[in-house]
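Visitor: One structure, as structure tokens, below. Some questions next.
The values are calculated or read from the model by the stated rules, or taken from the named source; none is laboratory data. If you're wondering where the values come from, they're calculated on a predicted model, not measured in any experiment. Here the Cβ is made from the backbone with ideal geometry for all residues, glycine too, and neighbour counts use every protein chain on show.
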Amino acid sequence: MSAMRDALRDYLATRRALGFKLVGDGSGLSSFVAFLDEAQAEYISTALALAWAQAPTSVPPARWARRLEYVRGFARYCAAIDPRTELIPVGLLPFEYQRRAPYIYSDKDIEALLLAALALPAKDGLANHTYHCLLGLLSVTGLRISEALNLTLDDVDLVEGILTVRSSKFGKSRMVPLLTHPLIT
């Protein structure tokens, strides 16, 4: 089965060279190739791909669909090398991931968080105030935690009331107005 492992290595190298990270997909595909080795399969079949994708019974069906999705891409690649490889049809596991509805914190929730932050033991004398300020900043700006943690003094304009968030999601930058809130002192 070294031919399948070689194909996987080449497939992952090609995809990564194109900019794909393939961290989870790469380890999943390694698991799939090990599954094929154990089954002594010489090529990818739809039946084996489905069996592997649905093997972890404790995960939701959306996870099965995701596992089958990255095997489908690998199978397309392998079909160019070995014509016995079956192309896996789309829609065999038609489960889509459902994003959870976000929890919207009420003013009461925010107040409780801010008070709890101030009540933290101050090991170095500033931790509780740092968390209080961080939570307050997040609550009035809607910043992502990584954006708030990456702010520098140059990103803050208190005169204009503007934060400049640099290289955020998708490498974009934006300006965020600082709003006041009655719970933030």
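Visitor: Scan 49, 34, 17 and give me the residue that is in contact (Cβ under 8 Å) with a residue 12 or more places away in the chain and among the small types (Gly, Ala, Ser).
Guide: 49
Visitor: Further, regarding this structure: Can you tell me which of (1) under 30 Å from residue 3 (Cα atoms); (2) part of a loop (DSSP other than H, G, I, E, B) is the one residue 77 doesn't meet?
Guide: Every condition holds for residue 77 apart from (2).
Visitor: Filter the range 74-85 down to the residues that are of a type outside the set (A, V, I, L, M) and crowded, with 16+ Cβ neighbours inside 10 Å, then identify the one that is nearest to residue 42 (Cα to Cα).
Guide: The extreme case among them is 85.
Visitor: Hey, among 73, 28, which residue is of a type outside the set (A, V, I, L, M), outside the structural domain of residue 170 (by TED's automatic domain parsing) and modelled with pLDDT under 90?
Guide: One residue alone meets the criteria, 28.
Visitor: Being farther than 20 Å from residue 165 by Cα, part of a loop (DSSP other than H, G, I, E, B) and at pLDDT 90 or above is the filter here, so list the residues in the range 112-153 that pass it.
Guide: 119
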